[in-house]
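Structure record follows, encoded as structure tokens.
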Amino acid sequence: MADQTSTASQWPADAVPSDLIPPGRKRLGRGLMAAATLGLLATIVIELFYKADADTWRPAVYAYVLWGVAIGAGQVLTRGEDGQRALFLLPALLFTIAMVIFPTLFGFYIALTDWNLSSFSGRKFNGLDNFWQMLADPYYRNALFNMVLYVLAVSVEYVIAFGLALLLNAQIRARKFFRVVFLMPLMLSPVAVSWMIGKSLMEYRFGPAATLARHLGWENPAFFSDPIIARISIMILDAWTFIPFMMIMLLAGLQAMSREVLEAARVDGANAWQTFWQVTFPLMLPVSVTAVILRIIFKLKLADIIITVTSGGPGGATDSVSSFIYREYRDRSNVGYGTMLAMAYLVIIVVFVTWLLKFANRFVRNVN
């Protein structure tokens, strides 16, 4: 009797442990989930083999909905109350699979096909032909090289943003006014910045920047004709837009710092430079690393300014990977090859950002 009482007291009164669920019910739940999964996979395979277009993917959608219902029912049958709790996570899981995992897998499939929208032959599987073409594509390699330069430019942007944050954190006149003014570029769309500055101020014939450059002795102020000057111009346009983003994060970090620490450094005889380098900068390091990593992530998506101002020119000199992929879709209608470029770039970004996060954590830990 005592043993039965102690065993029963281990479980809440309304709980049904999975060990107490009948084996037949568990088999039914597992069989239901397995049958639904096989049905979904079979439907997707049939759709792919029969070269389904967008209008004939409805069977796969219906099979996916039924699969989600079967998974939920199977969890309840096999796990009892634990399965009922898992139902609250099921909508998020289904949404992630439908909007992230499936498009990514389908993208990898499209990357292995020869699919040009201007061709009447439709989509044809060609294996790794797009991959070998990508490795031999000099324009794609040039776009990757440009991305290295654009990412390295973040270091200069960080220095400028930190300087502006220190300035706006100081006790200067009209400090609130300058904060609003410095944040204005962040409020504008990059496309608007491209037209306002790249297409208007820096226009070769009548732009104010070109006119001023002529007065200063530059005979041919073509900001987007020379490859090196064009890259620098794109970097300046992008930096002008996103430096306020880093500045506001660094300013928030400076305002959150303890004033007692800075006052203690001054009492100990540290000058302004020593206070910054030995106190302010180390304490701001976590905020700085976060701001730089977020800025790099935004930089890896750079495309709109390039597309609007130069369209990748001259001769692909300013192309980012995103703008090059966009032109591969828009100008050449090459869906298969463009998707291969995008998938390869996705892998590069995942590997690079993963390494960057590990390096940043190790760097912050060593400095602290």
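The values are calculated or read from the model by the stated rules, or taken from the named source; none is laboratory data. Here the structure is a predicted model, which means the values were calculated and not measured. Cβ: placed from backbone, ideal geometry, glycine included. Neighbour counts: every protein chain shown. Protein only, heavy atoms only, side chains kept; ligands, DNA and RNA dropped before computing areas. Shrake-Rupley method; radii C 1.70, N 1.55, O 1.52, S 1.80 Å.
Things worth noting here:
- Take every Cα pair under 8 Å whose residues are at least 6 apart in sequence, average their separation, divide by the length of the stretch 172-229, and the relative contact order is 17 percent.
- Violating pairs (Cα-Cα greater than 23 angstrom) within the set 124/301; 176/301; 176/199; 199/299: 124/301; 176/301; 176/199
- Across the alpha-carbon atoms of the stretch 218-368, the computed radius of gyration and Dmax are 20.8, 67 angstrom.
- Derived value for the chain: Kirkwood hydrodynamic radius 26.0 Å. Basis is the mean of 1/r over every pair of different alpha-carbon atoms.
- The relative contact order of the chain comes to 20 percent, based on Cα pairs under 8 Å that sit 6 or more residues apart.
- Relative contact order of the stretch 19-131, taken over Cα pairs closer than 8 Å and 6 or more residues apart, is 23 percent.
- Sequentially through the stretch 20-25, phi angles give Karplus couplings (6.51, -1.76, 1.60; θ = phi - 60°) of 8, 6, x, x, x, 5 Hz, Gly and Pro residues having no value and appearing as x.
- Percent of C-alpha pairs per 10 Å bin, the stretch 72-206, short to long: 9, 14, 19, 21, 21, 13, 3, 0
- Close amide H contacts of residue 114 (hydrogens built in the peptide plane, cut-off under 5 Å, sequence separation of 5 or more or a different chain): 124, 125, 126.
- Trypsin sites (Lys or Arg not before Pro) lying in DSSP loop within the stretch 131-228, provided at most 11 other Cβ fall within 10 Å: 173, 205
- Think of the chain as a dipole: +1 on every Lys or Arg Cβ, -1 on every Asp or Glu Cβ, centred on the Cα centre; then among 229, 168, 247, 168 lies furthest on the positive end.
- Residues 335, 347, 267, sorted by accessible area with the largest first, give 267, 347, 335 [1.4 Å probe; ligands and nucleic acids excluded].
- Sum of -39500 (n - 2.57) over DSSP H runs of 4+, divided by residues of the chain (222 nm, nearest 500): -22000 deg cm²/dmol
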